[in-house]
Amino acid sequence: MSQLPSQFSQSALQDYVDCARRFELKYIQKMRWPAAESEPIELQEAHMRRGALFHQMIHLHHLGVPPEQIATTEMDDDLRLWWQAYLESDVLRNLPQNRYPEYTLSVPLAGRRLIAKYDLLAYDQSRGVIVDWKTSLRRTKQAVLEQRLQTVVYRYVAVAAGVISADQLTMIYWFATHPEDIAILPYSQAQYEQDGHYLIALLQEIEKREVFDLTVHVKRCFYCVFRSLCERGVSAGDFEGIDEIDIDDDAFDLDFDQVAEVVF
Ligand code: SF4
């Protein structure tokens, strides 16, 4: 009998909430299934490589490497546009002074560890800002972002680790494909306490679970690698159709930045 993981990331918890069976396959059985999330696979892979490179460039920038040196790396037209938009963004100008790119924090919770790997954590004595750079094709709706486990875990861990108080913390999602439409999510002590109760209950539910059911929301299977194993279809979802997908449960969000984090 396989064991539950000793630490939980936001990706693992999001998989569990989206589909308990997917969580079981990925994190308990540790199964790697030879299928693509979307097709054409060349477009998906190119997009994921571009996203990974974009994150590396921002990392270098926050380590102090001048932008003109970073921009000499291999860039295609899309990446050049993202990079230019990033350099011109007001988000950069208004961040607290102490900036920690690609920063990982973890805290104990319900007998396990909860881990958050931040694109950027910036803070000083008066405020803290979490920034997540998104390269998804579409700009995720604010209401969906509020509920995403990434938002819940990132903000909760930053406060629980003692970086900053909840009332001084803000999370920002910056979308490379929609740089004018920044999502700003302030935090609060009341929300922190609510998130703590929710996360503990979620971990306890996973701990007690014996059967990991397939999701009833079959549209979540379109872009899942396990669809043939689950007999939920063989063909992958259309990569360029992600923008147009009809969302009936309002919780679907194919996040290639998170997929890339697992793959690379
Ligand atoms: S194909 Fe569907 S049911 Fe199977 S693991 Fe993926 S999301 Fe869950």
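Throughout, read-outs are computed from the coordinates displayed, never taken from laboratory work. What you are looking at is a predicted structure, and each value in this text was computed from that prediction instead of being measured. Here Cβ is always computed from backbone atoms with ideal geometry, including for glycine, and neighbour counts include all displayed protein chains.
Treating only the Cα positions of the stretch 141-220 as identical point scatterers, give the base-10 log of I(q)/I(0) from the Debye formula at each q in 0.15, 0.21, 0.23, 0.27 Å⁻¹.
Listed by q, the Debye log ratios stand at -0.69, -1.02, -1.09, -1.25.
With both partners inside the chain, how many of the DSSP beta bridges are antiparallel, as a percent to the nearest 5?
Values: 19 of 31 bridges.
Once the DSSP bridges in the chain are tallied, antiparallel ones form about 60 percent.
Non-local amide H neighbours of ARG113 (under 5 Å, H modeled in plane, Pro and chain starts lacking H): which ones?
Those lying under 5 Å, H to H, from ARG113 are GLN7, PHE8.
Kindly put ARG209, ARG32 in sequence by how many other C-beta atoms sit within 10 Å of each C-beta, fewest to most. Kindly include the intermediate steps, with their values, before the conclusion.
On the way: ARG209 15, ARG32 9.
Lowest to highest Cβ neighbour count: ARG32, ARG209.
In whole Hz, what ³J(HN,Hα) sequence does the stretch 188-195 give by Karplus (6.51, -1.76, 1.60; θ = phi - 60°), x for Gly and Pro?
Values, residue by residue: 7, 4, 5, 5, 4, 5, 4, 4 Hz.
Whole-Hz ³J(HN,Hα) for each residue in the stretch 164-170, computed from phi via Karplus 6.51 cos²θ - 1.76 cosθ + 1.60 with θ = phi - 60°, x for glycine and proline: what do you get?
7, 7, 4, 5, 9, 9, 9
Set the bar at 22 Å for Cα to Cα. Now go through LYS26/LYS219; LYS117/LYS219; LYS141/LYS208; LYS26/LYS117; LYS30/LYS134 and name every pair that lies beyond it.
LYS117/LYS219; LYS141/LYS208; LYS30/LYS134
Among ASP90, ASP181, ASP77, determine the one that fluctuates most according to a GNM of the chain built with springs between C-alpha atoms less than 10 Å apart.
In this elastic network of the chain, the residue with the biggest mean-square fluctuation among ASP90, ASP181, ASP77 is ASP77.
With each pseudo-label sitting 7 Å past Cα toward Cβ, what's the LEU87-SER228 distance in nm, one decimal?
Going from the LEU87 label point to the SER228 one covers 4.4 nm.
For the stretch 220-229, just list the computed ³J(HN,Hα) in residue order, Karplus coefficients 6.51, -1.76 and 1.60, θ = phi - 60°, integers in Hz, with x standing in for Gly and Pro.
5, 7, 3, 10, 9, 5, 8, 4, 6, 4
What Kirkwood hydrodynamic radius, in Å, does the stretch 7-263 give when the mean of 1/r is taken over all pairs of distinct Cα atoms and then inverted? Kindly include the intermediate steps, with their values, before the conclusion.
Numbers: mean 1/r = 0.0518 Å⁻¹.
For the stretch 7-263, the Kirkwood estimate is 19.3 Å.
Would you mind putting 94-102, 119-127, 148-156 in packing order, based on average other-beta-carbon counts within 10 Å, highest first?
Numbers: 94-102: 14.2, 119-127: 17.9, 148-156: 23.4.
Taking the mean over residues of other Cβ atoms within 10 Å, the ranking is 148-156, 119-127, 94-102.
Provide PHE8, PHE222 in ascending order of the number of other Cβ atoms located within 10 Å of each residue's Cβ, fewest first.
Details: PHE8 25, PHE222 20.
Starting with the residue having the fewest Cβ neighbours, the order is PHE222, PHE8.
In what order do HIS59, HIS197, HIS47 fall by count of nearby beta-carbon atoms within 10 Å, going from fewest to most? Present the calculation step by step, with values, prior to reporting the outcome.
Values: HIS59 16, HIS197 9, HIS47 20.
By the 10 Å Cβ count, ascending, the order reads HIS197, HIS59, HIS47.
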